[in-house]
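One structure below.
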Amino acid sequence: MLAVSDVIRNDRLAQLYSRVLEFDSPTVEELAEGIESSTTTVYEDVKHLVEIGLLERITETQPHRYQASRVDMTIQAGDDTVQITPTLLVALAERPSNENISLYIDRHGVSGLATAIEYARAYTQSKMNARIMAREQELPVLEAETILQELQEVIIETEPDVSTNLDIEELDAAVDDQMDH
């Protein structure tokens, strides 16, 4: 558990996990390409991610290839409960290069981002909109819309099995139903 929290606090580890998901079964050398860390640091980080169970080595011969584990665990941090999923780790990996995600984490923390991912999953499936999230989470509608759009891209990339069928009538009915309550 504590080791997974390392990944939550360390952008470099989150980015490595995200890259392994993106490349499917890369070698350390492939992971090191395009990263600002040295190959030695990437080796050390991959070893750490294997030790904590987020990556697994899938070949016995050199160069070793690695695969991302499909984590799904809950961590209790003070009063907050955070669902650790590949989608959360990929979103955290986006923090250094995505100003909107970074700002959202600064304002609402990792647990707020985890909550936003749940809303974004429903948003991606056309079961949620920004006004509903804004009201339920007490956010400005623009902030809700911005984070939903950013996280929708992460979800589509990380969770290809999430349906993205848009049913306008069903969405309108859901909004009307929410507005009535």
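Since every read-out is calculated from the coordinates, none of them should be taken as a lab result. All values derive from a computational prediction rather than experimental measurement. Note: ideal-geometry Cβ built from the backbone for every residue, glycine included; neighbour counts use all protein chains shown.
Answer rounded, prolate or oblate for segment 115-156, using the Cα gyration tensor with square roots of eigenvalues a ≥ b ≥ c: rounded when a/c is under 1.5, else prolate when a/b is larger than b/c, else oblate.
Values: a/c = 1.95, a/b = 1.52, b/c = 1.28.
Taking the square roots of the gyration eigenvalues as a ≥ b ≥ c, segment 115-156 is prolate.
Kindly rank 103-113, 143-153, 58-68 from highest to lowest mean number of other beta carbons found within 10 Å of each residue.
Numbers: 103-113: 17.3, 143-153: 20.2, 58-68: 13.5.
Top to bottom by mean Cβ count within 10 Å: 143-153, 103-113, 58-68.
Regarding the chain, what whole-number volume in Å³ per residue does the convex hull of its Cα atoms give?
Working: hull volume 21.4 nm³, N = 181.
So the per-residue Cα hull volume is 118 Å³.
Stretch Ser102-Glu60 to full length: gain in nm at 0.36 nm per residue minus the Cα-Cα span?
Values: separation 42, 0.36 × 42 = 15.12 nm, distance 3.81 nm.
Length gained between Ser102 and Glu60: 11.3 nm.
What is the sum of charges around Pro160, taking Lys and Arg as +1, Asp and Glu as -1, for the other residues whose C-beta is under 13 Å from the C-beta of Pro160?
Details: positive: Arg70, Arg121; negative: Glu22, Asp24, Glu153, Glu157, Glu159, Asp161.
Residues close to Pro160 contribute a combined charge of -4.
When the helices in the chain are scored as -39500 (n - 2.57) per DSSP H run of 4 or longer and the sum is shared across all residues, what 222 nm value do you end up with, to the nearest 500 deg cm²/dmol?
On the way: 9 runs with 113 residues, N = 181.
Calculated mean residue ellipticity at 222 nm is -19500 deg cm²/dmol.
May I ask you to compute the full-extension gain from Thr40 to Asp80, defined as 0.36 nm times their residue separation minus their alpha-carbon distance, rounded to one decimal in nm? Present the calculation step by step, with values, prior to reporting the outcome.
Values: separation 40, 0.36 × 40 = 14.40 nm, distance 3.54 nm.
Gain on stretching Thr40 to Asp80: 10.9 nm.
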